[in-house]
Each structure stands twice: as structure tokens, then as C-alpha cells.
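Right, one structure below, let's go through it.
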Amino acid sequence: MKISYFPGCTLNTKGKGFDRSVREAMAALGVELVELPDWNCCGASFPLLVDNVLDLVGPARVLINTAARDNKLTTACTTCYNVLKRTNRVLREDENIRERLNYFVEADYQGQVEVSDILQLIRDEVGFEKVKEAVKKPLNGLRVASYYGCMVLRPPREVAYDDPENPHALDDLMAALGAEPVRWGAKAECCGNYLVARKPEVAMEMSYRVLSSASRAGAEVIVANCPLCQFNLDRWQRDLTLTHGGFEPIPVLYFTQLLAIALGLDPGGYELEKHYVDPRPLLESKGLI
Amino acid sequence: MSTVVSLEKYIHNDLVRRVEELSGQDLLACYQCGECSAGCPAAFAMDLLPSQVIRLLQLGQVEEVLNSATIWFCAACQTCYARCPKGVDLSRIMEALRELAMERDGDTLKHTEIPKEELEAFPQQAIIAGFRKYTL
């Protein structure tokens, strides 16, 4: 199948390893991601004031751009997913905002595009059984903590395609790859999000709570689905070893990096070397790279 | 001769009305169960708990809330909204409060205050979302 793909600003720059692993893994699964031409940033946060229609223009433009060539849009960055999905819902349900936005950007969009997250696409369009059959290098014995964060879960009625309190789609995918998903409590807790820009020490502590929960559950690696979650969880671990006694660093990968490796693809372009906690010794010890 | 004193204009004052308008939320829907405070992942850093923010707003104490650190520690993770039995979207109320505080005191994030090495390391979305939340 073919589907329009929105990389978003971070996957086009800091998250290139994520982007490349997504494109290659999806191609290996028989899904061709067609990059949306002339795309723009979604805004990286859904505007929460009822009269803030201006901040909906960016994501609305992405949806309008998609509608000209496709009725489906997928994205790997879960923040983009959250913003696009919620904006689309507003455009479907709020006649007043729909009219104002259409007038402003000179379009006639009714909210017809279906927005999906890449994990959702893998689950619903490819199927975990088919993924299992395509595995060339099973992740045998790798204890993985699947981290969902906020963006694919909340608000549940607007964005969730999984159980918002105990999601399992990512655990199911990891199991299909041959890994051992650990049971842990912080899989849906916030990493600190944009607080990192203003109060990094608070984001750091929020991330510590996620990391330590994964470690306590016996995980060897955490997989993330959002570049900001990945950064917040990964970035401060050296500092955390100094401030939190007994803390042991744990690598944080994008789930698609592990997916691509399990599918037998060459991880040379996935920027594993750019992660703050080097995941390569672990992957080497498991015979995966 | 008796004088009737109405507390309405003190409690449901103009600032409270603006919070309601900007957030689209009914502050009186909250019955103080505390679910939001119990689940908030940033509560450890807050001087007012999320449920206390709503309680103060119900009592018209907007200035006290605008002067608290809490409104800047909400990461809009929406855990409170997902769990609120009354469907109050507290993250929208927090956004309205940030808006009012910045109308009063100006932007709270300047790019010159972010260390250069962090600015270079941040994923783009951290910078974009940060400036959307902390500047007008």
C-alpha cells in the first residue's frame, strides 16, 4: 500500500535516525510512505485556548495539503500525530472554526483526511502477525520497556487507539519481534515535554521517574515513539547518575530502530551513535548489530 | 436599615470570567475529588496542587494563582483531563492562566536565556512548543 507521510520538523533534522528507520522498515513491510510535498511544521503543540484559531492554521494547512492528493495521512512523530488528529477533529466538528480557517487559507476542507500514527498503521494495516513473519533477526531475550508517553493516549476520546491507562500496542509489536516486553508502571507517564525549554530540572526529574520505573521492571532498553520523549529520557542520564544514587543509565531507542533491525535492515543510517546513552554495546551483546 | 452585600462580583470577578472564556471550562463543575493532583506527574514541583488551582479560582482568587509557579510546570500531558470524573480540562485552564500571566508580566522564555549547547541539542519541537507555551 501507499500512504502520504508527514515527517515533521524534528524527523527532518534532529530525528533523522527515527525518520530513516521508519521509511526503511515500512518499505520492508510493503508500505510505501510518500512524503507530503511542501509540508510545514504542525506547531508542535495543540493550542488549548478556545479562541486560538491562528495556531490551528499550520496543522490545518498540512491536512488541506494532504486532501489534494490522498485521504489518508500518517506520521511517525507522535506529537505531530496528536496535533494533526486533534486539529482534524476540530475541523470536522466545529463549523464556525472550519469556515474561518477555510476562508483564511482559501480552501474548502471538511476534515475528510484520516490521520494515523505509524504504530497504529502497522497494527491495523500490516498486522503484527505479518510483522512476525517478516522478522529476520529476532530480538530474542531483549527486555524492552515500551514507552507510550502522552501523545497517542490523551485526550483519550480525541487521539487514543489503544487503552489509555494500560496501552499495549507497542508491547505487542515488540513481542512480535521476539523481544520480551516488561510490565512497568510508567509507560504512559509524561517525560516533561516542553518544560525542558524553561525548567529542565523539572523535566529531568519527570524523566527520572520514567527511567527508574523501567529499570526496576528489569528493562535493558526503552523504546520511544516521540523525538521529544526520546530526548528527555536520553539526554540527562549522566546527570542523573550524579544526583540519584544507584541510577544506572539505560539506552532509549526509537521503536522503529528495533523494528528495522529485527527486519534485517542495516542500521548504519539510524544515527545510533548520536544517542546520549550509547545503545550499541547492548545491541552488539545481543548479536543484533 | 439592612444592607445586602453581594459577594458575586468579588468571587465571580472579571478575571475568573476571562479564565472561563479562554479555557472554555466550567470551573464550578469541579467537586474537589483530587484525582488531578493525585495523577499529575509534575505535582512534585508545584507550589499549588492542580486541584487547589481550581479551588482558588472558584473562590475568585485569580491573582494568587497567577503568582504561583504551578501554571508554568503544567506540561499539558492531559493526565488530569483524561481522569477527571467531571470532564474538566485543567490543561486548558492552565493555558488560560499562562496567557493572563503573560499579558500582565510579559513573556517568560527568552532564547538568550537558554544555554547555547542546549539550544543546539534540543529537538526542534522542544523549542517550538516551548515558545508557544511561554511567550505570547
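Since every read-out is calculated from the coordinates, none of them should be taken as a lab result. If you're wondering where the values come from, they're calculated on a predicted model, not measured in any experiment. FYI the Cβ positions are ideal-geometry reconstructions off the backbone, even for glycines, and counts take in every protein chain you see.
Quick notes on this structure:
- Neighbour net charge for A:MET174 - beta-carbon separation under 13 angstrom, K R +1, D E -1: +1
- Spread over its residues, the convex hull of the C-alpha atoms of the protein assembly as shown is 149 Å³ per residue.
- Annotation for the stretch B:87-136: trypsin sites (Lys or Arg not before Pro) lying in DSSP loop with at most 14 further Cβ atoms inside 10 Å of their Cβ are B:LYS110.
- For the residue pairs A:LYS14/B:LYS116; A:LYS85/A:LYS137; A:LYS2/A:LYS274; A:LYS274/B:LYS133; A:LYS132/A:LYS286; A:LYS85/B:LYS110, the alpha carbons lie more than 25 Å apart in A:LYS85/A:LYS137; A:LYS2/A:LYS274; A:LYS274/B:LYS133; A:LYS85/B:LYS110.
- Chain A - mean residue ellipticity at 222 nm from DSSP helices (-39,500 (n - 2.57) per run, n ≥ 4, rounded to 500): -12500 deg cm²/dmol
- Solvent-free Debye calculation, one equal scatterer per alpha-carbon of the stretch A:136-285: log10 I(q)/I(0) at 0.09, 0.13, 0.15, 0.16 Å⁻¹ equals -0.26, -0.55, -0.74, -0.85.
- Here the spin labels are modelled as points 7 Å beyond Cα on the Cα-Cβ line, and at A:PHE128 and A:ASP51 they lie 4.7 nm apart.
- Check: chain A dipole with +1 on Lys, Arg Cβ and -1 on Asp, Glu Cβ, in debye: 420
- Within the listed set B:THR70, B:THR108, B:THR79, the Gaussian network model of chain B (springs between alpha-carbon atoms below 10 Å) gives the highest mean-square fluctuation for B:THR108.
- Taking chain B, the Cys residues with no second Cys beta-carbon under 4.7 angstrom are B:CYS30, B:CYS33, B:CYS40, B:CYS74, B:CYS84.
- For the Cα trace of chain B, dividing Rg by the Kirkwood Rh returns an Rg/Rh value of 1.04.
- Its Cα gyration tensor gives the stretch A:2-118 an equivalent ellipsoid; the semi-axes, largest first and in whole Å, are 25, 15, 11.
- FRET efficiency, 1/(1 + (r/R0)^6) with R0 56 Å, evaluated for A:ASN12 and B:GLN61 via beta carbons: 0.80
- Most positive-pole-ward Cα, B:VAL88, B:TYR134, B:PRO50, against dipole of chain B from beta carbon charges: B:VAL88
- Charge dipole of the stretch B:21-101 (Cα centre as origin; +1 on each Lys and Arg Cβ, -1 on each Asp and Glu Cβ, all else neutral): 240 debye, rounded to the nearest 20.
- Restricting the stretch B:13-90 to chymotrypsin sites (Phe, Trp or Tyr not before Pro) that sit in a DSSP loop and have at most 12 other Cβ atoms within 10 Å of their own Cβ leaves B:TYR31.
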